[in-house]
1. Could you check the stretch 59-85 and list, in sequence order, the residues that are farther than 28 Å from D8 by Cβ and either among the small types (G, A, S) or surrounded by fewer than 12 Cβ atoms within 10 Å (Cβ to Cβ) (or both)?
2. Can you report the number of residues in the stretch 104-133 which are of a type in the set (D, E, K, R) and within 17 Å of Q161 (Cβ to Cβ)?
3. Working only within the stretch 86-132, note down all residues that are on the phi > 0 side of the Ramachandran plot and either surrounded by 13 or more Cβ atoms within 10 Å (Cβ to Cβ) or not polar (S, T, N, Q) (or both).
4. Are any residues in the stretch 9-26 closer than 12 Å to D65 by Cα and modelled with pLDDT under 80, and if so, which ones?
5. Hey, does the stretch 137-147 have a residue that's closer than 15 Å to I197 by Cα and acidic (D, E)?
6. Please count how many residues of the stretch 121-144 are more than 22 Å from the chain's Cα centre (by Cα) and without any contact (Cβ under 8 Å) to a residue 12 or more places away in the chain.
7. Any chance you could count how many residues in the stretch 51-65 are hydrophobic (A, V, I, L, M, F, W, C) and touching a Ser or Thr at 6+ places or on another chain (Cβ under 6 Å)?
8. Need a quick list: helices (runs of 4 or more DSSP H) entirely within the stretch 136-212 having at least 2 residues that are closer than 30 Å to E28 by Cβ and open to solvent by 50 Å² or more (accessible area, probe 1.4 Å).
Amino acid sequence: MTTHFQNDMRLIETGFPCHQVGAETQRERGASSALPPLYYLHVWWARRPLTPSRAAILASLLPADTDPDWFLRQLGIEKRVVEINSQLWTLTEKLLDKIDIDQQGNEILTFDAVNHDLLIKENERRSQNQETIKKLKTADNSLSNDDIIIRWEKDSMPISQPWPKIGSILSVKKIAADPAHVNERISFAKQDKIKQILGKEIKWDAQDLYAY
């Protein structure tokens with residue numbers, strides 16, 4: 001029996017994504033900054049406990065080999081995306097409002113003229129990001145190896161054509177978000193050397209920082 005319990009490891013004992021849960025907790029506390037510190041322990045009379053409470057309970061029940069991305073999604077730390085030519089387009093703001101449900105209960109997005117225009121703007125945004133990244137790397141070659149720059153550059157690759165035809169139905173996927181990376185990008189933008197190169201602090205938009 002002792003051996004059985006030794007082998008029955010839980011997710012909270014190994015593989016627990018504490019950096020992601022911590023980042024989400026920080027965001028959650030920030031939303032309640034007007035409350036006294038005591039209330040950060042728990043939102044009294046709330047319908048559900050805060051993220052760390054839910055995470056601790058769920059991780060205590062799940063086996064150690066639970067997929068961390070699945071675990072984060074159960075906590076609501078997720079985002080919606082559509083895939084176009086193997087590239088992900090995160091749905092935010094107006095796009096989230098346009099999500100429908102098909103007869104099988106799956107979330108879908110109809111690629112209409114409005115979405116086509118939004119995709120054009122998304123590619124323009126990504127191209128602008130590429131120009132900013134190029135400027136940073138040219139001014140300081142060491143930034144070429146910076147993890148934030150590498151991921152930002154990858155996320156900012158323009159979505160290649162051909163695009164879906166007007167009227168096409170796109171499947172909406174739910175994937176784990178990355179609040180820890182959001183915090184890293186915010187800290188990156190505030191570095192003095194970044195502000196000196198650009199003459200200002202990077203202003204991340206919803207697409208760059210979307211995590212929820």
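The values are calculated or read from the model by the stated rules, or taken from the named source; none is laboratory data. All values derive from a computational prediction rather than experimental measurement. Cβ: placed from backbone, ideal geometry, glycine included. Neighbour counts: every protein chain shown. All accessible areas refer to the heavy atoms of the entire protein, side chains included, with ligands and DNA or RNA removed. Shrake-Rupley method; radii C 1.70, N 1.55, O 1.52, S 1.80 Å.
1. Passing the criteria: only N85.
2. The initial filter retains those residues of the stretch 104-133 that are of a type in the set (D, E, K, R), namely 107, 112, 117, 121-122, 124-126, 131.
Right, trim to within 17 Å of Q161 (Cβ to Cβ) and you get 117, 121-122, 124-126.
Qualifying residue count for the region: 6.
3. Initial filter on the stretch 86-132 (on the phi > 0 side of the Ramachandran plot): 86, 93, 105.
Selection gives E93, G105.
4. none
5. yes
6. Total meeting the criteria: 7.
7. Selection size over the stretch 51-65: 1.
8. It comes to 147-155, 179-189, 192-198.
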